[in-house]
């Protein structure tokens with residue numbers, strides 16, 4: 001019997017969820033809900049599912065086994081908690097939520113209900129990302145010394161004006177970091193390990209009528225002693241593919257979207273040259289650098305497959321709620337450092353007051 005999926009929130013990203021589930025045997029989108037009824041109706045027509053105009057009606061549908069949350073970032077907690085209480089497994093688009101308190105509320109609700117929770121970070125499922133992770137775990141980099149993430153994207157003023165929630169602390173939770181660069185923040189800490197201190201600057205330099213940053217820089221100290229940098233912006237015309245660089249005493253690797261641009265180790269292996277050749281030209285889209293819709297859904301497909309296998313086998317998915325919470329905590333610490341003008345230690349004891 002196919003696993004039934006209900007999608008909550010019928011904005012742009014919901015279409016990528018629907019396409020990803022279409023490619024998974026044994027899964028089917030059966031229902032959708034949006035507070036704007038015409039949006040739900042239009043999505044249902046495209047996806048061939050049932051449109052609901054009340055969340056409780058979707059959650060009462062016995063055909064729905066898994067609920068994916070695609071609402072604005074700061075509106076994830078309520079539908080996620082409601083889905084958990086209804087006994088549905090929960091998948092939440094990044095970020096898990098925009099405060100630690102709300103992240104914890106989702107995590108606790110899913111644990112209390114005994115349902116699976118996963119946060120969407122498809123970049124971890126790209127082959128290039130996993131190759132670098134395996135090389136780190138095998139010790140090929142020696143001692144890790146530096147880990148850097150660069151997300152230099154471009155968003156027009158019209159992008160921010162297209163939705164009242166965009167660029168607000170309440171519903172966007174932040175700007176270039178929380179909305180765009182969070183994928184790279186997650187990938188960097190997955191590769192390098194926990195962050196123990198950040199020092200940052202943030203500014204709004206080109207966009208109007210937004211509360212949050214369109215430029216941010218942060219230096220990091222990782223728990224393993226390595227140092228690093230995060231640069232994020234939506235004000236770098238015309239936008240460039242995101243980059244991750246990992247360096248160690250015995251090796252370096254550089255990732256540009258899904259392409260491995262650098263793969264050099266003091267102790268070379270016979271497979272290194274073949275890997276360099278094979279992992280060039282892997283990127284098949286604009287990566288969202290300029291156009292938010294210019295992304296692929298193949299990473300979502302791989303992650304959804306992992307979540308459905310976790311549900312069937314009763315194991316934890318590769319990216320659970322705690323993994324989703326981690327990147328939110330780092331970004332909140334960066335915002336706090338930028339506003340206070342001094343370094344901030346992690347873990348955070350509480351949500352910082354942001355303005």
Which residues, counting only those in region 18-33, are in contact with a strand residue (DSSP E or B) (Cβ under 8 Å, 6 or more places away or on another chain), more than 14 Å from residue 48 (Cβ to Cβ) and outside any strand (DSSP E or B)?
26
Within region 121-130, considering residues that are in contact (Cβ under 8 Å) with a residue 60 or more places away in the chain and more than 15 Å from residue 283 (Cβ to Cβ), the one surrounded by the fewest Cβ atoms within 10 Å (Cβ to Cβ):
124
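Regarding region 163-176, can at least one residue be identified that is touching a strand residue (DSSP E or B) at 6+ places or on another chain (Cβ under 7 Å) and either within 26 Å of residue 299 (Cα to Cα) or modelled with pLDDT of 95 or more (or both)?
Yes, that holds for at least one residue.
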Only residues in region 86-103 that are under 16 Å from residue 349 (Cα atoms) count as the first member; pair them with residues that are in a loop (DSSP other than H, G, I, E, B), Cβ under 6 angstrom, at least 6 apart or cross-chain, and list the lot.
98/173; 99/351; 100/351; 101/351; 103/96; 103/97
All but one of (1) in contact with a helix residue (DSSP H, G or I) (Cβ under 6 Å, 6 or more places away or on another chain); (2) not in a helix (DSSP H, G or I) hold for residue 164; state the number of the condition that does not hold.
(1)
Can you name the residue in region 336-350 that is in contact (Cβ under 8 Å) with a residue 60 or more places away in the chain and surrounded by 17 or more Cβ atoms within 10 Å (Cβ to Cβ) and is also farthest from residue 212 (Cα to Cα) among such residues?
346
Suppose we filter region 203-238 for residues that are outside any loop (DSSP other than H, G, I, E, B), closer than 23 Å to residue 172 by Cα and in contact with a helix residue (DSSP H, G or I) (Cβ under 7 Å, 6 or more places away or on another chain); how many remain?
6
Looking only at region 304-327, decide whether some residue is without any contact (Cβ under 8 Å) to a residue 40 or more places away in the chain and buried (at least 17 other Cβ atoms within 10 Å of the Cβ).
no
Across (1) touching a helix residue (DSSP H, G or I) at 6+ places or on another chain (Cβ under 9 Å); (2) surrounded by fewer than 16 Cβ atoms within 10 Å (Cβ to Cβ); (3) within 18 Å of residue 338 (Cβ to Cβ), residue 170 clears everything bar (3)
Hey, any hits in region 185-205 for a residue that's touching a residue at least 60 places away in the same chain (Cβ under 8 Å) and either outside the structural domain of residue 258 (by TED's automatic domain parsing) or out of contact with any strand residue (DSSP E or B) (no Cβ under 8 Å at 6 or more places or on another chain) (or both)?
yes
Check whether at least one residue in region 72-81 is within 15 Å of the chain's Cα centre (by Cα), surrounded by fewer than 22 Cβ atoms within 10 Å (Cβ to Cβ), within 27 Å of residue 287 (Cβ to Cβ) and in contact (Cβ under 8 Å) with a residue 24 or more places away in the chain, and report yes or no.
yes
Subset of region 256-270, residues in a loop (DSSP other than H, G, I, E, B) and either surrounded by 12 or more Cβ atoms within 10 Å (Cβ to Cβ) or at pLDDT 95 or above (or both), comes to 257, 258, 266, 267, 268, 269
Selected residue (only one of 228, 239, 287, 248 is buried (at least 20 other Cβ atoms within 10 Å of the Cβ) and at pLDDT below 95)
287
Name every residue in region 268-305 that is under 22 Å from residue 121 (Cβ atoms) and touching a strand residue (DSSP E or B) at 6+ places or on another chain (Cβ under 8 Å), in order of residue number.
279, 282, 283, 289, 290, 303, 304
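The values are calculated or read from the model by the stated rules, or taken from the named source; none is laboratory data. Not measured: the values here are computed from a predicted model. Positions of Cβ are generated from backbone atoms using ideal geometry, with glycine treated the same way; all protein chains shown enter the neighbour counts.
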